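Please read the structure below before turning to the comments.
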Amino acid sequence: MNRATPFLAILIAAGAVSAQTGIQYDKIEIKTDKLAPNLYMLSGSEGVDPGHPDGAGGRIGVLAGPEGIFMVDSQYLQIGDRVIAAVRRIDPGPIRFLVNTHIHGDHTAGNATFAKLGAVLLAREELRAGMARQPTGDPARLPMITYGMGEPVRFRMNGETVELIPVRAAHTGGDTIVRFVNADVIMIGDFYRNFGYPFIDTNNGGSLKGALDGLELTMKIAGPTTRLIPGHGTYINRTDIIPYRDMILDVQKKVQQLIAQGKTLQEVLAAKVTSAYDAKVPGGLLPAGAAGTSADRFVSMVYSQLKGGQ
Ligand SMILES: [Zn+2]
């Protein structure tokens, strides 16, 4: 392998900043936050991931203890060494299980790294099917155990009960929320966010109605002091979901009225139906993908969902 080293070194240097996404992988550090005696959240640095300026990549959960480590999500592939180091600082024991909250690369791209360390990967059947359709990727990244809608999958380890609760077609078509019963913590993935407007990935099976159902479900299963941990942004309680849901319903109503008046998508975007919320939504007017701002992406999604009779 030595002969290949110079070439590899060039590849690694070129990969330090992604030309497509602008992510500065070499600058991402992992911050560890202890939520309970054996439950930790890991998040990436601020200001180095243009898609997630508040914290690079998706948040990881780590349940540690003598029965081995249970992880939620796997971050970007490029920072696997730093994620492993952060997990090892918590607990040097075996990483036994890893569940994905949804298919996006900021939550799953590191899957193969942990599978190769011996972790059994789990996810919704829809997530695995979507991942299997991707044209490239290490086969080791595919979840080995899958589950559908219905009763939560339960793990009893390290004195904790972990519930994998399926959510129908919300942020994506294969969302799971992960509840740590004794710690009173629920990792809710990305159907709620407090940086930018809601992002429903309809290309990956997500739906506005499913996201609203997911928010209702979360409010139902959370107690008044349950900490809800989104995939990005700050921790919340269930009361924080109410204004978020109401904002979605209000925007939905305004878009519906404009559709009833025969307005096109361009006309609906020009109507700035989120303006009452823009000052309260950090990152709401920042660019978010090809569709324009986060607000434009959200309104475009609402428009196409309503147009499609969803
Ligand atoms: Zn995410």
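The values are calculated or read from the model by the stated rules, or taken from the named source; none is laboratory data. Because the structure is a prediction, the values reported are computed rather than measured. No Cβ is skipped: glycine too gets one built from the backbone with ideal geometry, and neighbour counts run over all protein chains shown. Heads up: the accessible areas ignore ligands, DNA and RNA and are worked out on the full protein's heavy atoms, side chains in. Shrake-Rupley method; radii C 1.70, N 1.55, O 1.52, S 1.80 Å.
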Exercise for review: State the number of residues belonging to the stretch 286-310 that are aliphatic (A, V, I, L, M) and modelled with pLDDT of 95 or more.
Suggested key: 5
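Grab the strands (runs of 3 or more DSSP E) fully contained in the stretch 172-265, keeping just those with 1 or more residues being acidic (D, E), within 14 Å of the ligand (Cβ to nearest atom) and touching a strand residue (DSSP E or B) at 6+ places or on another chain (Cβ under 7 Å). Quick ask: steps written out before the conclusion?
Numbers: elements: 174-180, 185-189, 227-230.
In the stretch 172-265, the matching strands (runs of 3 or more DSSP E) lie at 174-180.
Any residue that is at positive phi, touching a helix residue (DSSP H, G or I) at 6+ places or on another chain (Cβ under 9 Å) and open to solvent by 20 Å² or more (accessible area, probe 1.4 Å) - is there at least one of those in the stretch 224-247?
Of the residues in the stretch 224-247, the ones at positive phi are 233.
When the remaining residues are screened for being touching a helix residue (DSSP H, G or I) at 6+ places or on another chain (Cβ under 9 Å), the result is none.
No, there is no match, as no residue in the stretch 224-247 is at positive phi, touching a helix residue (DSSP H, G or I) at 6+ places or on another chain (Cβ under 9 Å) and open to solvent by 20 Å² or more (accessible area, probe 1.4 Å).
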Point to revise | Count of residues meeting criterion [open to solvent by 30 Å² or more (accessible area, probe 1.4 Å) and either of a type in the set (V, I, T) or not in a strand (DSSP E or B) (or both)] in the stretch 31-49 | key: 5
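Per-residue answers, yes or no, for (1) out of contact with any strand residue (DSSP E or B) (no Cβ under 6 Å at 6 or more places or on another chain); (2) more than 23 Å from L42 (Cα to Cα); (3) aliphatic (A, V, I, L, M); (4) at pLDDT below 95:
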| position | (1), (2), (3), (4) |
| --- | --- |
| A85 | yes, no, yes, no |
| G118 | yes, no, no, no |
| L122 | no, no, yes, no |
| R141 | yes, no, no, no |
| M144 | no, yes, yes, no |
| F155 | no, no, no, no |
